[in-house]
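Beneath this line is the structure, given in structure tokens, with notes to follow.
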Amino acid sequence: MRLGISWTIAMALLMGAGHVLAEGTEGADAAAGKTKYDQFCSTCHGTAGDGQGPVGKTLNPPPRDFTTGDFKYGGTDQDLFDVITNGAAAKGGSPLMAPWGAVIPEADRWAIIKHIRSLRK
Ligand code: HEC
């Protein structure tokens, strides 16, 4: 019984550590990030990240221009993650920037952020 509880705690700690390692852009797969970005984001934000995608250039407010590195709702990786996951409307912004949390797995969202950072000129 004692061993059983220790085992459960050890597994919980291990899973917790794994979760922490999976978070953030550091270990994220930049190539996967580009693939997913091109698939889900480039129609608005543009392949180059300049906000001039075929749909993006028709929108008001315009999609963020990632070549500038400036952001409206905070510039940390976590801030970007929150907007991508919950949408800009959750921050009082445009519903055109939709919530992607249910569509794109968490690891891919971090990978996309890594790619977005690389688009800064
Ligand atoms: C239908 C067009 C559209 C698509 C597709 C789209 N976005 Fe956006 N995005 C926008 C618009 C419009 C804004 C500006 C929202 C605002 O100013 O309130 C925006 C803003 C953002 C911001 C800036 C938040 C800030 O603080 O300035 C980020 C980051 C972002 N989008 C990431 C993404 C990612 C990642 C994807 C793909 C998973 C994506 N967007 C797909 C239209 C889009």
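Quick notes on this one:
- Our coupling estimate for the stretch 28-34, obtained by passing each phi through the Karplus curve with A = 6.51, B = -1.76, C = 1.60 and θ = phi - 60°, is 5, 8, 4, 5, 5, x, 5 Hz, Gly and Pro reported as x.
- Couplings 3J(HN,Hα) for the stretch 79-90, derived from phi with the Karplus relation 6.51 cos²θ - 1.76 cosθ + 1.60 (θ = phi - 60°), are 4, 5, 4, 5, 5, 5, 6, 10, x, 6, 4, 5 Hz, where x marks Gly and Pro.
- Computed lengthening from Ala90 to Lys57, 0.36 nm per intervening residue step minus Cα-Cα distance: 9.6 nm
None of the figures in this text is laboratory data; all of them are computed from the coordinates on show. From a predicted model like this one, the values you see are computed outputs, not experimental measurements.
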